[in-house]
Amino acid sequence: MNNGFSNKMPLFYVVATAVLCLLSVVSMVLWTAEGDNGMLHSLQQNVTKAISPLSIVSQNASTSSADAQKASEDQSASSESLSALKEQNAQLQAQVAKGEEYRQEVERLTELLNLKDNYNLDGITGHVIGRTTDNWNQTITIDVGTDDGSFVGATVCASYGVIGQITSVTNSTSVVRLLSDPLSGVAGMIQSSRATCVVEGSLDGLIVATNIPAGTQVNEGDIIITSGLGGSFTKGIIIGTVSNVTGNSKDGSLQATIKQTDRSTYEEVIVVKSAGDTGGSN
């Protein structure tokens, strides 16, 4: 009995396979022939609609599973890893800040070098290490002294021109009285007319040109330079430009406010030992 059953099984599979193939061929022929509105097309559309919610649910379940896995991985990150990342971030920020400081310092030193070349200055470069904050005593302290060649009476310049004069020195530091100091005074010259003046500081921090000879024409934008008279300041270096004019030129009451720069601070300066002949000193 078992042998008969075994002999019939292959024949059954062959017949079943042939029938399925025939049905497939017939279905394909009918599918092609019936058009979009045929029974087979309608059946496919209905089946697709029926199972589409299941597909959406499956996709959502996969997404939720991935999100849950990522959240689990984030939560499982060790405190050591987080601390290491924070430390690396802090180091990167410090390096960026340090690089920016180097960039700005190079820019400022380049401007000082340009001033040195323009006026053929022989001098010492120093850094500002201290500042006064009151209007009665406007000074800065720099990190060069007698050991570096600094001396009392030396003219001091920032990148835009004269800012003051050294009043006291130690072996390693110098104090500079700024032109804006009320006790400051320098012999100046209006570059266009060659008329002399006295440049003084004031309690409100302004730098003013006074003692301008009667009949002198002074206009906004005129350049004021050191005249070198009296020998207290190196000759021919720019002090600033006239920003405002008051008084009467006929009676000698004329005064001119001098603007040095838009910058309110500076970090490097030049202590001038000597200056060569320049176009500004003629």
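A few remarks follow.
- Taking the protein heavy atoms of the stretch 123-220 in the context of the full set of protein chains, the accessible area attributed to carbon and sulfur is 50 percent at 1.4 Å.
- Distance from the C-alpha centroid of the stretch 234-258 to that of the stretch 92-144: 28 Å, rounded to the whole angstrom.
- Packing-based order for 107-116, 232-241, using average beta carbon neighbours within 10 Å, highest first: 232-241, 107-116
- Whole-Hz couplings from phi, Karplus 6.51/-1.76/1.60, listed for the stretch 88-100; x for Gly and Pro: 5, 5, 5, 5, 5, 4, 5, 5, 5, 4, 5, x, 5
- Using the Stokes-Einstein relation with a Kirkwood hydrodynamic radius computed over Cα pairs, the translational diffusion coefficient of the stretch 161-237 at 10 °C and a viscosity of 1.306 mPa s comes to 120 µm²/s.
- Stokes-Einstein D for the stretch 109-164, Kirkwood Rh over Cα pairs, 10 °C, 1.306 mPa s (µm²/s): 127 µm²/s
- Accessible surface ranking that places the most exposed of Tyr102, Tyr119 first, with a 1.4 angstrom probe: Tyr102, Tyr119
The values are calculated or read from the model by the stated rules, or taken from the named source; none is laboratory data. Treat the numbers as computed from the prediction; the structure is a model and nothing was measured. Quick reminder, even Gly has a Cβ in these numbers, built from the backbone with ideal geometry, and neighbours come from all protein chains shown. Protein only, heavy atoms only, side chains kept; ligands, DNA and RNA dropped before computing areas. Shrake-Rupley method; radii C 1.70, N 1.55, O 1.52, S 1.80 Å.
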